[in-house]
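Undergrad: Here it is, the structure in full.
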Amino acid sequence: MERKSIQNNVSLTFLPGDKFKRNRISVSFIVPNDREKATMFAVLPTLLERGYQDYPDMCMFSKKLSSMYGASFSAATAVVGRNRYLRFTIQGIRNQYCLNGEDLLAEMTDVILGVIFRPCVENDGFISDWLEVEKVKLREEIEGEINDKRGYCVKNAQRKFFKDSKNGVERLGYPEDIDGITPQALYECYKQLISDSIVEIFVTADEDTTITEKFTAAFAGRKTAAAQILPIEVMPKTEVENYSESLDIVQGKVCLFYTTERQLTEDERYIMLVASSIFGGTASSRLFKNVREKQSLCYYCAAAYNGFTASMRVDSGVEHENCDKTVAAIQKELSDLINGEITEKEINETKLVLLNSLDAIYDGLHGLEAWYLNEAVRGTNVSPQQAKERISAVTEQQIKDVLKLLHLNVVYKLTK
């Protein structure tokens, strides 16, 4: 891996691509997750991926990608802690597989830069017809969240847990803000994004000086970005808040949110990764074996720790009459891990699962990119191999110590 700064707050990272037959380029704009702009940030990527000035409609843009040996392009937004990514990605075959000696990697670079810097505009704003279509699609996506009852329960628990924190700003924005988005306001938001963001560029390919030159020129003259990557905000400990929502559903849902009350150290972060996996992150975890299999209290029960928000969530699908029993059983398993024995066998089995998942990062074009993008946001530069070494060194007592930091703040239930 080679990472270098090419302009003010613009970093370019080359990742090894020898084992792949395809190349990948991604450009991520990183900004604080602003509540006032959340809905515009949600609609912006889908609007931009419709086309740009060289190919000013979806049909022409699609034909262009098809002519590039079936290259693919996507734009998306993601929320990571108190920050938001707007990411543009293009993939295509490596130059050596082109039939006529084309420099497809350079062409891919031109396309992604075209989308980012030369969008289709009219009357000092984005094309209004395009925007209206994307606004309808965004509203439908937000309103459709309730159709996934598991995700709906988790999202509502998350809203109660984070309250007004930037950690809780919605990835898809807010339906009440959609109608107020105008082509001109969105275009101003876009221009501010381009000028103020922290930019992380990843190229999974053999290093090519042409790519470096193209990106350096594209961001030339850029002022120092006004945006800053916001550090982790830890939610304070509260009394347990219980919420219940009635829906006409066959299977009940329950979600618990815990805070660690303080930010974990780098070493503790890897310890918690092992601890949360033993608790409920694998098919051999305590929640799976004891709550699901032995007690038959639920259909699934899984735990996941989020280092960007210093929180752990546990969610489960249950029979309606078993909601309270499942919550009590989850809490008991956590207490047993802290106060009882954790066998060497289950620690080693869990570590093996985690080590294998880290090895798998190298097996796809997206894996290493996502890893190092998250490292950049954290302000760290730990490789997957270094992470493996830290995980391998975790001890039973360390697992108990980090689990003691967890405090249950929120329980959210979906029942009849």
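The values are calculated or read from the model by the stated rules, or taken from the named source; none is laboratory data. Remember, predicted model here, so these are calculated numbers, not experimental data. Note: ideal-geometry Cβ built from the backbone for every residue, glycine included; neighbour counts use all protein chains shown. The area values use the complete protein model at the heavy-atom level, side chains included, leaving out ligands, DNA and RNA. Shrake-Rupley method; radii C 1.70, N 1.55, O 1.52, S 1.80 Å.
Undergrad: Jot down the per residue volume, in cubic angstrom and as a whole number, of the convex hull over the alpha-carbon atoms of the stretch 288-416.
TA: For the stretch 288-416, the hull spanned by Cα atoms encloses 146 Å³ per residue.
Undergrad: Taking R0 as 45 Å, what's the FRET efficiency between Tyr243 and Ser66 from their Cβ-Cβ distance, rounded to 0.05?
TA: After rounding, the FRET efficiency stands at 0.35.
Undergrad: Run the quick spin-label model on Glu389 and Lys214: label points 7 Å from Cα toward the beta carbon, then report their separation in nm to one decimal.
TA: Taking the simple label geometry, Glu389 and Lys214 are separated by 3.6 nm.
Undergrad: If you don't mind, another one. Tell me, what is the FRET efficiency for Ala76 and Gln263 to the nearest 0.05, using R0 = 25 angstrom and their Cβ-Cβ distance as r?
TA: Plugging the Cβ-Cβ distance into 1/(1 + (r/R0)^6) gives 0.35.
Undergrad: In the stretch 96-244, carbon and sulfur make up what percent of the accessible area (probe 1.4 Å)?
TA: 48 percent
Undergrad: Could you sort Phe29, Phe288 by accessible area so the largest value comes first, with the probe set to 1.4 Å?
TA: Phe288, Phe29
Undergrad: Could you go through the stretch 356-362 in sequence order and give the Karplus-derived ³J(HN,Hα) for each residue, using 6.51 cos²θ - 1.76 cosθ + 1.60 with θ = phi - 60°, rounded to whole Hz, and x for Gly and Pro?
TA: 5, 5, 5, 4, 5, 4, 7
Undergrad: Considering only protein heavy atoms, what is the solvent-accessible area of Lys388 at a probe of 1.4 Å, reported in Å² to the nearest 10?
TA: The accessible area comes out at roughly 40 Å².
Undergrad: Sort Phe117, Phe257 by heavy-atom solvent-accessible area, probe 1.4 angstrom, most to least.
TA: Largest accessible area first, the residues go Phe117, Phe257.
Undergrad: For the stretch 41-148, what is the charge dipole size about the Cα centre, in debye to the nearest 20, if Lys and Arg each add +1 at the Cβ and Asp and Glu each add -1 at the Cβ?
TA: 340 debye
Undergrad: If you average the sequence gap of Cα pairs under 8 Å that are 6 or more apart and divide by the length of the stretch 67-175, what percent do you get for the contact order? Kindly include the intermediate steps, with their values, before the conclusion.
TA: Numbers: 81 pairs, mean separation 26.9, N = 109.
With pairs under 8 Å counted, the relative contact order is 25 percent.
Undergrad: Once you charge only the Cβ atoms, +1 for Lys and Arg and -1 for Asp and Glu, what is the size of the charge dipole of the chain about its Cα centre, to the nearest 20 debye?
TA: Around 620 debye, computed over the chain.
Undergrad: Given q = 0.13, 0.15, 0.18, 0.21 Å⁻¹, what are the Debye log10 I(q)/I(0) values for the stretch 200-354, with equal point scatterers placed on the Cα positions and solvent ignored?
TA: Here the Debye-derived log intensity ratios amount to -0.74, -0.87, -1.10, -1.38.
Undergrad: On alpha carbon coordinates alone, what is the Rg over Rh value for the chain, Rh being the Kirkwood radius?
TA: Radius of gyration relative to Kirkwood radius: 0.99.
Undergrad: How large is the dipole of the stretch 22-80 about the Cα centre if only Lys and Arg carry +1 and Asp and Glu carry -1, each at its Cβ, rounded to the nearest 20 debye?
TA: Approximately 220 debye in magnitude.
Undergrad: Can you give me the Kirkwood hydrodynamic radius for the stretch 293-340, using every pair of distinct Cα atoms, in Å to one decimal?
TA: Result for the stretch 293-340 stands at 11.8 Å.
Undergrad: Set Lys and Arg Cβ to +1 and Asp and Glu Cβ to -1, take the dipole of the chain about its Cα centre, and tell me which of Pro175, Ser392, Tyr187 lies farthest positive.
TA: After comparing all options, I get Ser392.
Undergrad: In Å², and per residue, what accessible area does the chain have when probed at 1.4 Å with the other protein chains present? Please list the in-between numbers first.
TA: Values: 18400 Å² over 416 residues.
Solvent-accessible surface per residue comes out at 44 Å².
Undergrad: Largest first, how would Lys294, Lys149, Lys21 line up by accessible area (1.4 Å probe)? Present the calculation step by step, with values, prior to reporting the outcome.
TA: Working: Lys294 160, Lys149 60, Lys21 135 Å².
Heavy-atom accessible area, descending, gives Lys294, Lys21, Lys149.
Undergrad: As I understand it, the dipole of the stretch 1-78 uses +1 on the Cβ of Lys and Arg and -1 on the Cβ of Asp and Glu, about the Cα centre. Which of Leu65, Ile30, Ala75 lies farthest toward its positive end?
TA: Leu65
Undergrad: Which value, in Å² and to the nearest 10, is the accessible area of Glu293 when all protein chains are kept and the probe is 1.4 Å?
TA: Surface open to solvent at Glu293 totals about 90 Å².
Undergrad: Rounded to the nearest 10 Å², what accessible area does Met312 show when all protein chains are kept and the probe is 1.4 Å?
TA: About 0 Å², rounded to the nearest 10.
Undergrad: Under the definition of Cα pairs under 8 Å and six or more residues apart, what whole-number percent is the relative contact order of the chain? Each step should come with its number before you reach the end.
TA: Details: 735 pairs, mean separation 90.2, N = 416.
Relative contact order for the chain comes out at 22 percent.
Undergrad: Which percent of Cα pairs goes in each bin when the distances of the stretch 351-403 are cut into 5 angstrom slices starting at zero?
TA: Computed distribution, short to long bins: 4, 18, 23, 23, 19, 9, 4, 0.
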